[in-house]
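*Asks:* Structure in structure tokens, see below.
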Amino acid sequence: MIEIKNLHVSVQGKEILKGISLSINAGEVHAIMGPNGTGKSTLSNVIAGREGYEITQGSVTFAGQDLLAMEPDARARAGVFLAFQYPVEIPGVSTSAFLKTAINAKRRAEGLKEIDAMEFLKLVKAKTKALGIADDMIKRPLNVGFSGGEKKRAEVLQMTLLEPKFAVLDETDSGLDIDALKVVSDGVNALRGPERAFLVITHYQRLLNYIVPDHVHVMTGGRIVASGGRELALELEANGYAKYMAAA
Amino acid sequence: MAARSDTAAAVKDIEAYKYGFVTDIESDRAPKGLNEDIVRFISAKKNEPAWLLEWRLKAFRYWLTLADLEPAWAKLHYPKIDYQDAYYYAAPKQKAALKSMDEVDPQLVETYKKLGIPLLEQQIMSGVAVDAVFDSVSVATTYKKKLNELGVIFCPISEAVQKHPELVQKYLGSVVPVADNFFATLNSAVFTDGSFVYIPKGLRCPMELSTYFRINEKNTGQFERTLIIADEGSYVSYLEGCTAPQRDENQLHAAVVELVALDDAEIKYSTVQNWFPGDKDGKGGIYNFVTKRGACRGKNSKIMWTQVETGSAITWKYPSCILQGDNSVGEFYSVAITNNRQQADTGTKMIHIGRNTRSKIISKGISAGKSSNTYRGLVRVQGKADGARNYTQCDSLLIGSACAAHTVPYIENRNPTAQTEHEATTSKISEDQLFYCLQRGMTEEEAVSLIVNGFCKEVLQTLPMEFAVEAQKLVGISLEGSVG
Amino acid sequence: MVATGLLDHPFKEAYASKAGALPGATHAWVDGLRQTARALLNTAGLPGPKTEAFIFTPVSDLAKIPFIPAASADDVDVRDVPLNVPRIAGASRIVLVNGVLNAALSDNIAVEGLRVESLKQVLARDTLSVKPLLGGLAASASLPLVALNTAYMADGLVIRAGKNFAGAMLHVISIGAAGAEPVAFHPRNLVALEPGAQLTLIETHVGLPGQNYLTNPVTEISLAENARLKRYVSVAEDDDAFHFATTSVALSAHSTFNAFHAGLGGGKVRQEVRAAFLGTGSSAIVNGVYALSGKQHHDFTTAMDHAVPHTTSSQLVKGVVDGQSRAVFQGRVLVDRDAQKTDARQLHKAMFLAKGPAVDCKPELEIFADDVQCAHGAATGELDENHLFYLMARGIDRDTARALLVSGFLEDVLESIGDEQVREAFSALVQGWLKRRAMRRAA
């Protein structure tokens, strides 16, 4: 589904990613683990198309398309979703207006007719309930005044509504208590299926108890220094990153 | 922790203005009053070339047309200044030109010692080159030899006029034009001395350059003129300290400082100003009307102003940056403390002309006693300054219910890709913080000094080390008697 | 000494001779106010760029326009309220044409405890009841536009709500209309709420296209103890029109003033709101939005004067600028020596929508009391790139995302309007502006 080849990325002249290669097939869940400041968020931002990153080498192909040549909105409509580590607060823009606009952008791209207000409300209501999100949240301005947990739930709600082909979860577990973690993980697991791929970026293995990955990669110093199965995450939990830091 | 005990000790040590003493040296001074003859007298005394006399006369004649235009917009109240009732030139009498530091009048050296500027020891200890301005004439310049070898010119401006006329003529008045404002025009006519600095291409000046200003003569206005030029790719850090003896009358001080930074050059200009602020009832003290401006003329150039203003009865001062070169940077860090009946109206101007120019303003005002403290600033982004950025933070702290704090920013943006951001707060010293310190056994004065030092930290930490310690002490001293 | 920087002003003999009999002329105190105001105008003229309060919005250039008093323009006939003025459910309409109450277009107001009258009528009757209000809150001496109004005020509204009046919603519609010659009018409005009274005042200022007109309304508002006034003002004058409005509010103990100002059009517009906090526990919210295009000039100036302890002011103003327009925000907060425990907050944000506009801000804190919490912020710039990226990362195209964010930028302030029907009406005005802009861009 997504093929990252020898990706080198610099920020203001400083190389952050030093040759990342990663291939994720439909139906798979990959996890990238690593200490802070190793380029995990850079990778997620580059996939989503944020400005300010200079790609000096390599390629990212998504469903046969050159992802790096696409605008961020085109990537999203093609089925790439990033659950942000720090979702921005946008005063004045209501969550519901935002969600409706996003859903309709996708529907238009797929040649479907726009969703009407009633259908939209019904759809959102069903999903919010499953995620334990209060009804009034969608009336509030986007992410404004949301607690850390509410923001993360709202990200998963968006993912559920937009049904992406490939989702990147950037530190979605940070700042969550155990109950919220479970709710968020249930939301993600409900979307798992043979047509969909996930990349879960996390610092702790705790999240991976709930979203069980097929493959685990260790990232330090802008490189993937080890790959393996779920047992790799458990090993990291027991021994820490020290061994891999030396390798980088 | 060292800073805290230092400050506490300083507060205990010093009960009155520490620098209130008068050195008795026979002085050579011009008659009282101001007219063309005085301007000619000053110019002749300094053996100036004709062009400079003409320049002064042009300024003087223009100043005469400004008689009713002394700036009145600042939040300052003072009796009308009689410009005819002051001496415009006072130089310590000396027999002949000095050959070395050893020939400097020992009494002068003693004066500096009392001020805490050990001119002689300094050579050995601190690595600071000092150009001391005693009233109006620079008496000694240390470290001359070493600086000479590097190609740095650091001398009294009167000497630069003789030895480097091409540099002086090219840059004098190029940042602060003769007609800039009432006080700058006056200075242009009657300036007596000041420092001149030229840093050659590519040189990172290895030592801090420093000037101590001190007003000694009774009723002498002090009109220094400082000009600093940092040629391409060079760097210099310049320190200016000021003190004045205690007097009943008000003394006028109207200096002009011009900085020029060419391509990739950086100038860091730090001031600790503790002129005599007047007594508790507002008697005496310096009237400080200063025009300081830097031109970031070259691309990637940078000018950083840091000021700690604790003295003077009246402070009128806006160190500014003209950001002409693309990617140039202007910064202004200020602590202004007023106590008793002091009045300060100070701030900065950041004029964004070039592309991607950036400016940062951090201002901390502390008012105590019956004083008044105003931040006044201008951020102007011109139409061609694509991508310009400004960030301004102005915080005011009030100690006691009889003082005043004002914040008057002007923000003018003409470029859609530019961003300006201004934030200001005014509040009193936190009861919680105060209580916390008292509970740990500090006296109220110690606690206030400590908290205020914390409030100013962002500014104080931009000062060179030697200055930072002195500044921290000054914060404590300046606020004496403001609590309890 | 002749004040420098002040040009001549256009409201001298020629104008005065056409003003006709101004109301209240037979009362010495009214006449005195006018004489003083005229004398001030004649010595100082109209303020130019060297007058600090008008540095960004000089009005001395009005001298070039030969205005005639609106009352002497006999070729003006307005038969209907323009269609773009919203009908607000539950609100009684009061219509002023060129500053004069037009009974035919106004609703009949018969509510116990509420008196709505024309100033002209009141001054023809007994003037004593309005004496403390008229000129008592807005002083000619320090405010040149108030002096101009005082010299030539011909009519206006006197709105009085009795003790504990439970509330009503009035919609004042001011229509500016010039004929062959440019006209000027200077409505004077007096609003007094007795203790515990509540009132909601909506004001819509619109103009008919045509020659220049100048509207220079002054509104003096007195709020007694525990009175509550909500005032929502929208200005969408003709592109050539001048609109200078000054409002002065005096707040007694525990009274509240909740104001919202929308600036959506006019050649040169200044909305000046001045609040004096004279009773403890009083509070004011003064919020606003503006959206400018073409060569419009809009100035929002506020002055919050905290004179006694325990008072609160809060201001949030946001605006967008397009074309070659110019926005000005001046916000002054004054805390007097006695006004301990003042809480004063202010935030102004301006967003550029194009290359060409200019934004000038001058927030100002003047604090003489120590135990206070005062803060202001001012920001100018483009749309936040992080916001744009977030929306685009959800599949929303750049143009749609921008439109949504610009709308949200303004809606953020509109949300502070408590009355739903008013909020919707104001939101519709803003959305209408954004739609017209989108159409201009598409064209």
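Nothing in this text is a laboratory measurement; each read-out follows from the coordinates by a stated rule. The structure presented is a predicted model; accordingly, all values stated were derived computationally and were not measured. Neighbour counts are summed over all protein chains in view; Cβ atoms, including those assigned to glycine, are modelled from backbone coordinates with ideal geometry.
*Asks:* Please go through region A:49-147 and write out the trypsin sites (Lys or Arg not before Pro) that DSSP classes as loop and that have at most 14 other C-beta atoms within 10 Å.
*Replies:* Values: sites: A:ARG50, A:ARG75, A:ARG77, A:LYS100, A:LYS106, A:ARG107, A:ARG108, A:LYS113, A:LYS122, A:LYS125, A:LYS127, A:LYS129, A:LYS139; in loops: A:ARG50, A:LYS113.
Passing both the DSSP loop test and the Cβ count: A:LYS113.
*Asks:* Distance from the Cα centre of region C:142-177 to that of region C:63-116, in angstrom?
*Replies:* Going from one Cα centre to the other spans 12 Å.
*Asks:* Please give the Cα centre distance for region C:192-234 versus region C:252-296, rounded to the nearest Å.
*Replies:* 10
*Asks:* Under a point spin-label approximation (7 Å from Cα along Cα-to-Cβ), what is the A:ASP136-C:ASP77 distance to one decimal in nm?
*Replies:* 5.5
*Asks:* Please compute the net charge surrounding A:GLU114, taking Lys and Arg as +1 and Asp and Glu as -1 over other residues with Cβ under 9 Å from its Cβ.
*Replies:* After counting each charged neighbour, the total is +3.
*Asks:* Taking H as built 1.01 Å from N, whose amide H comes closer than 5 Å to the amide H of B:GLU412, not counting residues under 5 places away?
*Replies:* Amide H to amide H, under 5 Å and 5 or more residues apart or across chains, B:GLU412 pairs with B:VAL379, B:ARG380, B:VAL381, C:CYS361.
*Asks:* Sticking with this one: Give me the net charge of A:ASN45's neighbourhood, meaning all other residues with Cβ under 13 Å from the Cβ of A:ASN45; Lys, Arg count +1, Asp, Glu -1.
*Replies:* Numbers: positive: A:LYS40, A:ARG50, A:ARG75; negative: A:GLU51, A:GLU54, A:ASP170, A:GLU171, C:GLU385.
The answer is -2.
*Asks:* Then there's this: Over region A:1-91, what is the relative contact order in whole percent, taking alpha-carbon pairs under 8 Å and six or more residues apart?
*Replies:* Averaging sequence separation for qualifying contacts and normalising by length gives 33 percent for region A:1-91.
*Asks:* Give me the dipole magnitude in Debye, nearest 20, for region B:149-211 about the Cα centre, with unit charges on the beta carbon: positive for Lys and Arg, negative for Asp and Glu.
*Replies:* Details: 4 positive and 6 negative charges, 39 e Å.
With only Lys, Arg, Asp and Glu charged at Cβ, the dipole is about 180 debye.
*Asks:* Another question about this same structure. Within chain A, which whole H helices from DSSP have a Cα span along their axis of at least 15 Å and a mean Kyte-Doolittle hydropathy of -1.0 or more, if any?
*Replies:* Values: long enough: A:95-109 (21 Å, -0.28); A:117-130 (20 Å, 0.15); A:148-162 (21 Å, -0.33); A:178-191 (20 Å, 0.91).
Both cut-offs are met by A:95-109, A:117-130, A:148-162, A:178-191.
*Asks:* Can I ask one more? From the gyration tensor of the Cα coordinates in region C:334-443, what semi-axes in whole Å does the equivalent ellipsoid have, largest first, with each one equal to sqrt(5λ)?
*Replies:* Value: 34, 18, 14 Å, ordered largest first.
*Asks:* Using R₀ = 22 Å, calculate the FRET efficiency as 1/(1 + (r/R₀)^6) where r is the Cβ-Cβ separation of C:GLU415 and C:ARG441; round to 0.05.
*Replies:* Values: r = 26 Å, r/R0 = 1.19.
Efficiency at R0 = 22 Å is approximately 0.25.
*Asks:* Which ³J(HN,Hα) values, rounded to whole Hz and listed in residue order, are derived for region B:184-193 from phi using the Karplus coefficients 6.51, -1.76 and 1.60 in 6.51 cos²θ - 1.76 cosθ + 1.60 with θ = phi - 60°, glycine and proline given as x?
*Replies:* Residue by residue, region B:184-193 yields 5, 5, 4, 4, 4, 6, 10, 4, 9, 7 Hz.
*Asks:* Once you place label points 7 Å from the Cα toward the Cβ at C:LYS295 and A:MET118, how far apart are they in nm?
*Replies:* 5.2
*Asks:* Another one. Compare the peptides C:206-214, C:416-424, A:63-71 by average per-residue count of other Cβ atoms within 10 angstrom and give them in order, highest first.
*Replies:* C:206-214, C:416-424, A:63-71
*Asks:* Of C:THR400, C:ALA428, C:ALA438, which is farthest towards the positive pole of region C:383-443's charge dipole, taken about the Cα centre with +1 and -1 on the beta-carbons of Lys, Arg and Asp, Glu respectively?
*Replies:* The one lying farthest along the dipole's positive direction is C:ALA438.
*Asks:* Taking all pairs of distinct Cα atoms, average 1/r, flip it, and tell me the Kirkwood hydrodynamic radius of region A:99-215 in Å to one decimal place.
*Replies:* By the Kirkwood definition, the hydrodynamic radius is 15.1 Å.
*Asks:* Using 1/(1 + (r/R0)^6) with R0 = 56 angstrom and r between the beta carbons of B:SER430 and C:LYS18, what's the FRET efficiency to the nearest 0.05? Show your work: numbers first, answer last.
*Replies:* Details: r = 62 Å, r/R0 = 1.11.
For R0 = 56 Å, the calculated efficiency reads 0.35.
*Asks:* Given H placed 1.01 Å from N in the peptide plane, which residues other than close sequence neighbours of A:GLY19 have an amide H under 5 Å from its amide H?
*Replies:* A:LEU7, A:HIS8, A:VAL9
*Asks:* Where Lys and Arg each count +1 and Asp and Glu each count -1, what net charge lies around B:SER301 among other residues with Cβ under 11 Å from its Cβ?
*Replies:* Spelling it out: positives minus negatives among the neighbours equals -3.
*Asks:* Which one of B:TYR333, A:HIS203, C:VAL30 is farthest out on the positive end of the charge dipole of the protein assembly as shown, using unit charges on Cβ (Lys, Arg +1; Asp, Glu -1) and the Cα centre as origin?
*Replies:* The residue sitting most towards the positive pole is A:HIS203.
*Asks:* Let me ask something additional. Among the listed pairs A:LYS129/A:LYS151; A:LYS151/A:LYS243; B:LYS370/C:LYS362; B:LYS268/C:LYS349, give every one whose C-alpha distance is greater than 24 Å.
*Replies:* In this structure, A:LYS151/A:LYS243; B:LYS370/C:LYS362; B:LYS268/C:LYS349 lie more than 24 Å apart at Cα.
*Asks:* Between A:LEU234 and A:TYR210, what FRET efficiency follows from the Cβ-Cβ distance if R0 is 25 Å, with the result rounded to 0.05?
*Replies:* It comes out at approximately 0.95.
*Asks:* Counting only residues 5 or more places away or on other chains, whose amide H sits under 5 Å from the amide H of C:SER313 once H atoms are built in the peptide plane?
*Replies:* Amide H neighbours of C:SER313: C:ALA284, C:ASP343, C:ALA344, C:ARG345.
*Asks:* Can you work out the base-10 log of I(q)/I(0) for region A:2-247 at q = 0.10 1/Å, using the Debye formula on its C-alpha atoms alone?
*Replies:* Debye curve over Cα of region A:2-247, log10 I(q)/I(0) at q = 0.10 Å⁻¹: -0.48.
*Asks:* Is region C:13-279 rounded, prolate or oblate when judged by the Cα gyration tensor, a ≥ b ≥ c being the square roots of its eigenvalues, rounded requiring a/c under 1.5 and prolate requiring a/b larger than b/c?
*Replies:* In terms of gyration-tensor shape, rounded.
*Asks:* Would you mind computing, in nm to one decimal, how far apart the modelled labels at C:ALA139 and B:ASP281 are, each placed 7 Å from Cα along Cα→Cβ?
*Replies:* 3.2
*Asks:* Structure shown: which of B:LYS46/B:LYS201; B:LYS360/C:LYS295; B:LYS349/C:LYS50; A:LYS100/A:LYS152; A:LYS14/A:LYS40; B:LYS58/B:LYS384 lie over 24 Å apart, alpha-carbon to alpha-carbon? Display every interim value, and only then the final one.
*Replies:* Values: B:LYS46/B:LYS201 30 Å; B:LYS360/C:LYS295 32 Å; B:LYS349/C:LYS50 19 Å; A:LYS100/A:LYS152 19 Å; A:LYS14/A:LYS40 15 Å; B:LYS58/B:LYS384 34 Å.
The pairs that break the limit, which is 24 Å between Cα atoms, are B:LYS46/B:LYS201; B:LYS360/C:LYS295; B:LYS58/B:LYS384.
*Asks:* Along the positive direction of the dipole of the protein assembly as shown (beta-carbon charges: Lys, Arg +1; Asp, Glu -1; about the Cα centre), which of B:GLN461, B:PRO200, B:VAL308 reaches farthest?
*Replies:* Working it through, the farthest residue towards the positive pole turns out to be B:PRO200.
*Asks:* Can you tell me the relative contact order of region C:383-443? Whole percent, Cα pairs under 8 Å, sequence separation 6 or more.
*Replies:* 26
*Asks:* Follow-up. Cα gyration tensor of region C:383-443, axes a ≥ b ≥ c as square roots of the eigenvalues: rounded (a/c below 1.5), prolate (a/b > b/c) or oblate?
*Replies:* oblate
*Asks:* Taking θ = phi - 60°, what integer Hz values does the Karplus form 6.51 cos²θ - 1.76 cosθ + 1.60 yield along region B:404-413, in sequence order, with x for Gly and Pro?
*Replies:* After applying 6.51 cos²θ - 1.76 cosθ + 1.60, I find 9, 9, 10, 10, 10, x, 10, 10, 10, 10 Hz.
*Asks:* Sticking to Cα atoms, compute the Rg of the protein assembly as shown to one decimal and its Dmax as the biggest Cα-Cα distance, whole number, in Å.
*Replies:* When restricted to the Cα atoms of the protein assembly as shown, Rg and Dmax are 34.1, 99 Å.
*Asks:* Evaluate the relative contact order of region C:243-286 (contact order divided by residue number), counting alpha-carbon pairs under 8 angstrom at least 6 apart; express in whole percent.
*Replies:* Once divided by the residue count of region C:243-286, the mean separation gives 58 percent.
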